[in-house]
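What follows is one structure encoded as structure tokens, with my remarks underneath.
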Amino acid sequence: MGKVIVSSANDTARGTAWVVVQFFLMLGLLIAGPAWGGMRTGWWTWLPGGLLVALGGWVGIHGARDLGAQRTPFPRPSDDGELITTGIYAKLRHPLYVSVILLGFAWALCWGSNPALVLAILQMPFFDLKARCEEQWLRGRFPGYADYADRVKRFIPGVY
């Protein structure tokens, strides 16, 4: 018989609310694309959408690969985690968030969905707030995080 996993106070302390809001934001975006799609489509939406899929996929794959076993849905790092600053993490502090944002815009563009585009835009301030919260926890957990954050931008290499 399999184990039953019960959510604990530790899950809440690790940022469960962020994960829940992220889930519903992404679910809404996924539904909005086909539900309200076709409002404006053509090569002018498919070309940038396809480019964003490629870029978002590349960033996400590298982020997941470089993070490896350290990857968790929670913004608070685990007690036995390590700070990863190599690979794509040497260029971006939050490549997985960047990937989701890019793929959200790609989804909205490819479907030609204005409601999906609004949700994709809303992902930007959401992930910025989530990243800021996560970074407070990372600064408290890893002494070298402040220096890392000074060297590496949050979402756009060399810019932001």
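Restricting Leu29, Leu55 to residues that are surrounded by fewer than 19 Cβ atoms within 10 Å (Cβ to Cβ) and within 15 Å of the chain's Cα centre (by Cα) narrows the list to Leu55. Out of contact with any His (no Cβ under 9 Å at 6 or more places or on another chain), under 28 Å from Pro73 (Cβ atoms) and modelled with pLDDT under 90 - does that describe any residue in the stretch 13-27? For the stretch 13-27, residues out of contact with any His (no Cβ under 9 Å at 6 or more places or on another chain), under 28 Å from Pro73 (Cβ atoms) and modelled with pLDDT under 90: present. In the condition set (1) in contact with a Ser or Thr (Cβ under 7 Å, 6 or more places away or on another chain); (2) of a type outside the set (A, V, I, L, M, F, W, C); (3) part of a loop (DSSP other than H, G, I, E, B), Gly158 is compliant with all but (1). Taken over the stretch 110-145, the residue count meeting the criterion of being among the aromatic types (Phe, Trp, Tyr), over 13 Å from the mean Cα position of the chain (by Cα) and assigned to a helix (DSSP H, G or I) is 3. Only residues that are surrounded by 13 or more Cβ atoms within 10 Å (Cβ to Cβ) and under 17 Å from the mean Cα position of the chain (by Cα) were counted across the stretch 146-156, and they come to 4. Being in contact (Cβ under 8 Å) with a residue 12 or more places away in the chain, farther than 16 Å from Cys133 by Cα and hydrophobic (A, V, I, L, M, F, W, C) is the filter here, so list the residues in the stretch 10-50 that pass it. Leu25, Met26, Leu29, Leu30, Ala32, Ala35, Trp36, Met39, Trp46, listed by residue number. Selection of first residues in the stretch 75-88 that are within 24 Å of Phe23 (Cβ to Cβ) and of second residues that are among the basic types (Lys, Arg), restricted to Cβ pairs under 6 Å at least 6 apart or on distinct chains, gives the following pairs, ordered by first then second residue: Pro75/Lys130; Arg76/Arg14; Pro77/Arg141. Gly37 meets each of the listed conditions (1) over 20 Å from Arg71 (Cβ atoms); (2) modelled with pLDDT of 95 or more apart from (2). Taking the residues in the stretch 74-131 that are crowded, with 17+ Cβ neighbours inside 10 Å and among the basic types (Lys, Arg) as candidates, determine which candidate is nearest to Pro157 (Cα to Cα). That would be Arg93.
The values are calculated or read from the model by the stated rules, or taken from the named source; none is laboratory data. Keep in mind that what you see is a predicted model, and the values were worked out from it rather than measured. Please note: Cβ atoms are built from the backbone with ideal geometry, for glycine as well, and neighbour counts cover all protein chains shown.
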